[in-house]
Amino acid sequence: MSKPTCDCTTAMAQLWDYLDEELTEERYEMVKEHLANCAHCLPHAEFAQGFLSALGRCRHAGQMPEGVRHAVMDALKREGLV
Amino acid sequence: MSREEFDREVLARMEDVYRFAMSLTRDASRAEDLVQETYLRAFRSWQTFQPGSDARRWLFTICRNAFLRSLERERGTMSLEDLTGGDQDALGSVMHHARMVGDGTADRLARMDLAPALADAIGQLNEPFRSAVVVVDVEGNSYEEASEILGVPIGTVRSRLFRARRQLQERLADYARDAGFTTVAREPVS
């Protein structure tokens with residue numbers, strides 16, 4: 001049996017799901033195969049991948065100030081919750 | 001689960017909650033208030049926590065709901081638009097990128113560190129789109145986990161997420177234009 005294939009529109013409609021690894025294995029392979037062989041779609045996928053990587057780097061990297069923990073504990077104590 | 005075990009488990013997650021609150025508010029003072037509100041609510045309703053479930057996810061849900069309430073207080077009202085048509089949003093995002101490829105913006109953006117511009121752009125997103133991006137793209141949760149945190153079906157998570165990504169890409173195009181990379185007019189949002 002030959003592998004299922006898809007056209008550009010189908011591949012691009014599933015691009016985010018593909019990059020987020022939210023597709024079924026069969027669909028994932030189908031989009032992967034398409035991207036490997038389509039000079040038109042590949043740049044979109046590469047840009048989208050870079051875009052998502054940059055979003056991942058937006059995660060707050062600083063430490064929580066120790067004063068926050070004290071403030072939370074004080075508030076919980078005031079309310080009689082701890 | 002005993003009360004002591006609950007206390008230990010949720011208090012150990014405070015760093016995670018603070019980071020999540022910072023991603024939502026982009027402001028240290030507001031994040032601190034949000035963490036405090038989250039823990040007050042969590043401790044008041046500790047009996048609703050299911051033993052064995054993910055404490056971090058449970059706290060994120062409380063934190064996000066508290067964030068929405070704080071926005072409601074600030075704005076008086078807000079519109080939570082339930083969107084459908086995730087595939088259309090996904091295609092719309094790609095089509096927007098296609099325009100950026102066409103005018104050379106994408107090439108220039110690809111050579112830059114987009115994270116600082118994106119961090120600003122996330123702060124400008126309205127709800128419910130900001131939460132969708134923060135929960136999935138910034139915090140790295142799956143669609144299923146995001147569905148639980150945001151309290152909406154997975155289809156709604158996808159739809160909001162793809163719409164948010166499209167808005168962020170549009171803001172990147174603005175960023176490129178403002179930086180003098182391109183003079184192409186901004187495409188209207190459809």
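The values are calculated or read from the model by the stated rules, or taken from the named source; none is laboratory data. Just so it is clear, the structure is predicted and the values come from calculations on it, not from any experiment. Neighbour counts are summed over all protein chains in view; Cβ atoms, including those assigned to glycine, are modelled from backbone coordinates with ideal geometry. Remember, those area values only see protein heavy atoms, side chains included, never the ligands or the DNA or RNA. Shrake-Rupley method; radii C 1.70, N 1.55, O 1.52, S 1.80 Å.
Tell me which of A:L23, A:H40, A:M73 sits at the most positive position along the dipole axis of segment A:8-78, charges placed on C-beta atoms (Lys, Arg +1; Asp, Glu -1).
Working it through, the farthest residue towards the positive pole turns out to be A:M73.
Only helical DSSP H runs with n ≥ 4 go in: add -39500 (n - 2.57) per run for chain A, normalise by residue count and round the 222 nm mean residue ellipticity to 500 deg cm²/dmol.
After summing the helix terms and dividing by residue count, I get -19000 deg cm²/dmol.
So with the 1.4 Å probe, I'd like the accessible area per residue for segment B:86-178, rounded to whole Å².
For segment B:86-178, the per-residue accessible area is 36 Å².
Chains B and A: what accessible area do they bury, summed, in square angstrom to the nearest 100, with a 1.4 Å probe?
Summed over both sides, the interface buries about 3600 Å².
Which value, in Å², gives the accessible area per residue of segment A:8-78 when a 1.4 Å probe is used on the protein heavy atoms?
About 54 Å² of surface per residue is accessible.
Please list log₁₀ I(q)/I(0) at q = 0.14, 0.21, 0.22, 0.23 Å⁻¹ for segment B:3-75, using the Debye equation with identical point scatterers on the alpha-carbon positions.
-0.40, -0.84, -0.91, -0.98
Once Rh for the protein assembly as shown is found with the Kirkwood sum over Cα pairs, what is the Stokes-Einstein diffusion coefficient at 20 °C and 1.002 mPa s, in µm²/s?
107
What size of dipole, in debye to the nearest 20, comes out for the protein assembly as shown about its Cα centre when the only charges are +1 on Lys and Arg C-beta atoms and -1 on Asp and Glu C-beta atoms?
620
Taking a probe of 1.4 angstrom, what is the accessible area of B:E72 in Å², to the nearest 10?
80
Only four residue types carry charge here, +1 at the Cβ of Lys and Arg and -1 at the Cβ of Asp and Glu. Report the dipole size of segment B:3-75 about the Cα centre in Debye, rounded to the nearest 20.
Taking the Cα centre of segment B:3-75 as origin, the dipole is about 260 debye.
Once phi is turned into θ = phi - 60°, what whole-Hz ³J(HN,Hα) does the Karplus curve with 6.51, -1.76 and 1.60 give for every residue of segment B:26-36, x standing for Gly and Pro?
So the Karplus estimates, Gly and Pro as x, are 6, 8, 4, 5, 5, 5, 4, 4, 5, 4, 4 Hz.
Measuring from the lowest to the highest alpha carbon on each principal axis, how far does chain A reach, largest first, in angstroms?
Rounded to whole Å, the extents work out to 67, 25, 17 Å.
Over all residues in B:60-70, what is the mean tally of Cβ atoms on other chains that come within 10 Å of each residue's Cβ?
The shielding value for this peptide is 0.
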